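Since the structure comes first, as structure tokens, the remarks are kept for the end.
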């Protein structure tokens with residue numbers, strides 16, 4: 001990938017039928033919808049893809065299906081996180097072989113009791129880097145419970161060849177992004193934020209060049225980034241203010257269920273099923289979600305109808 005990725009790189013949801021089976025045709029429609037929404041790249045098999053309830057066989061099917069169906073229309077980022085370094089390496093090699101443009105990985109962790117120390121984290125990411133020739137995005141998220149201080153992230157950027165993108169979605173993300181950019185300089189090719197863009201404007205002020213949201217409405221969030229990077233901060237603020245109620249409701253009330261609910265409402269997929277032990281959102285939460293989405297006139301609500 002010669003040109004650094006910027007803009008909006010949303011996470012694709014994994015659609016299921018009402019009985020819990022993976023909906024392969026639905027997955028194709030999800031990818032098409034996200035491309036039509038103006039996504040600059042698409043990330044698959046992430047936490048918002050419910051990667052933690054997918055079998056290895058389902059992961060393999062979804063990876064192949066997604067890369068084949070997208071067919072180079074936009075870059076595809078494949079999440080390959082695993083506690084085992086050997087498995088993370090194998091997943092990375094397979095993703096690259098099938099056409100992934102980038103990998104995303106969390107630090108190795110398993111619950112609260114099994115976490116790698118700094119040197120093991122360096123070795124883990126280093127082993128994956130040595131096995132591939134595509135960029136790696138480090139996902140710094142509270143769900144892992146692993147502390148990734150700025151000096152460690154900067155060291156990873158400087159010393160691990162393929163580690164050049166960072167998704168920072170921890171508390172006070174803007175300060176951490178600014179500190180990382182200052183500490184590692186040109187070695188940070190892609191400083192990104194996450195968490196449904198709930199801190200996006202502050203993170204852009206800090207130097208981030210893009211965001212990894214859900215797939216629910218990149219068509220409306222993307223102009224925040226493109227306007228800001230073009231130097232039009234007033235337009236970025238206007239777009240931000242328009243999107244913020246829906247961003248906040250998704251982030252604080254809905255989580256990964258929001259995108260699937262909206263995609264079903266808009267005819268992109270046939271079911272908003274989430275696998276147990278996750279539960280469907282309440283009718284109250286859904287009603288507010290759909291109302292806010294309609295007020296913003298997001299593309300996903302019109303795409304399949």
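The values are calculated or read from the model by the stated rules, or taken from the named source; none is laboratory data. Everything numeric here is computed off the predicted structure, so don't read it as measured data. Ideal geometry is used to build each Cβ from the backbone, glycine not excepted, and the neighbour counts take in all protein chains shown.
Checking every residue in the range 189-198 against the condition of being part of a loop (DSSP other than H, G, I, E, B), in contact with a strand residue (DSSP E or B) (Cβ under 6 Å, 6 or more places away or on another chain) and surrounded by fewer than 24 Cβ atoms within 10 Å (Cβ to Cβ) gives at least one match.
If you go through the range 113-135 and keep only what is within 19 Å of residue 188 (Cβ to Cβ), free of Cβ contacts under 8 Å to residues at least 40 places away in the same chain and either buried (at least 20 other Cβ atoms within 10 Å of the Cβ) or under 19 Å from the mean Cα position of the chain (by Cα) (or both), you end up with 121, 125, 129. In the range 25-39, which residue that is assigned to a loop (DSSP other than H, G, I, E, B) and buried (at least 19 other Cβ atoms within 10 Å of the Cβ) is farthest from the chain's Cα centre (by Cα)? The qualifying residue farthest from the chain's Cα centre (by Cα) is 37.
Within the range 1-24, being free of Cβ contacts under 8 Å to residues at least 60 places away in the same chain, in contact with a helix residue (DSSP H, G or I) (Cβ under 8 Å, 6 or more places away or on another chain) and assigned to a loop (DSSP other than H, G, I, E, B) holds for one residue alone: 14. The single condition among (1) farther than 21 Å from residue 266 by Cβ; (2) not in a loop (DSSP other than H, G, I, E, B) that residue 207 does not meet is (2).
Here residue 72 fits the description: free of Cβ contacts under 8 Å to residues at least 60 places away in the same chain, out of contact with any strand residue (DSSP E or B) (no Cβ under 9 Å at 6 or more places or on another chain) and in a loop (DSSP other than H, G, I, E, B). Summed over the range 270-286, residues that are buried (at least 16 other Cβ atoms within 10 Å of the Cβ) and closer than 16 Å to residue 14 by Cβ total 5.
Yes or no: residue 64 in a helix (DSSP H, G or I), buried (at least 18 other Cβ atoms within 10 Å of the Cβ), out of contact with any helix residue (DSSP H, G or I) (no Cβ under 7 Å at 6 or more places or on another chain) and modelled with pLDDT of 95 or more? Criteria not met by residue 64. Just one of (1) touching a helix residue (DSSP H, G or I) at 6+ places or on another chain (Cβ under 8 Å); (2) part of a helix (DSSP H, G or I); (3) surrounded by fewer than 17 Cβ atoms within 10 Å (Cβ to Cβ) fails for residue 57. It is (1).
Restricting attention to the range 153-169, the residues that are in contact with a helix residue (DSSP H, G or I) (Cβ under 6 Å, 6 or more places away or on another chain) and over 16 Å from residue 129 (Cα atoms) add up to 2.
Of the residues making up the range 37-51, those that are farther than 20 Å from residue 298 by Cβ and out of contact with any helix residue (DSSP H, G or I) (no Cβ under 6 Å at 6 or more places or on another chain) are 46, 47, 50, 51. Among the residues of the range 82-108, those that are out of contact with any helix residue (DSSP H, G or I) (no Cβ under 7 Å at 6 or more places or on another chain) and either surrounded by 18 or more Cβ atoms within 10 Å (Cβ to Cβ) or within 20 Å of residue 7 (Cβ to Cβ) (or both) comprise 91, 96, 101, 102, 104. If the condition is being more than 11 Å from residue 103 (Cβ to Cβ), assigned to a helix (DSSP H, G or I) and touching a strand residue (DSSP E or B) at 6+ places or on another chain (Cβ under 7 Å), then the range 122-155 contributes 144, 153. Among the residues of the range 142-163, at least one is buried (at least 23 other Cβ atoms within 10 Å of the Cβ) and under 23 Å from residue 49 (Cα atoms).
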